[in-house]
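Working notes for the structure below.
Values in this text are rule-based calculations from the coordinates and carry no lab data. These figures come from a predicted structure and were not determined experimentally.
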Amino acid sequence: MRSSKGKVVPVLGWRIDLPTSEESKVQKLVNRQASFMRACFAKTDKYSIGSLALDHIEEHSHEDPLNPGMKAGLYKSVTKNVADTTGVEARLTREINLYFATKPIFDCGAHWDKFFTDADIKQILEENLGANNWDMVPRDARHACYQNYKSVQTLPPLDKIEREGY
């Protein structure tokens, strides 16, 4: 999600494509999925979601080319200046549990740039429309992607959009 200043803020969400006539089915499905996710993130006797998340982040982080044997990217960012990761795991657990503390909020008809980064929008267009330029995207779909869409000139060039590295 983006803040009012256009910065990306941490929100966990997902997109489901179904006909509008099935909106009540979508809401039931999302509520069921969110309940399942909350149950998955519940603390167990052996693990917390924070420790599992940190393990996942570490496993998927690349090696730091400047410090062989050390991890870079998101793992380096969340464990910076920390010798013991217990506090990091506890913070991740709190943050993840906060995401699932309330019922899902449904925002129907919102423009995608309210919730997605440009790279996410590009990926959705590529995977679902096979689009690799704006000429392949119908005009109404362009407006669904970007609230302030007025012409192709106001859209970020798809071939210039890259996913940010962490």
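Computed log10 I(q)/I(0) for region 110-160 at 0.22, 0.31 Å⁻¹: -0.74, -1.58, from the Debye equation with unit scatterers placed on every C-alpha and solvent omitted.
Annotation: amide H of Lys71 within the under-5 Å range of Asp64, sequence separation 5 or more or interchain, hydrogens built in the peptide plane.
Note the direction-averaged projected area, equal to a quarter of the hull surface, for the Cα convex hull of region 22-99, in nm².
Working: hull surface 27.8 nm².
With the hull built on Cα positions only, its mean projection is 7.0 nm².
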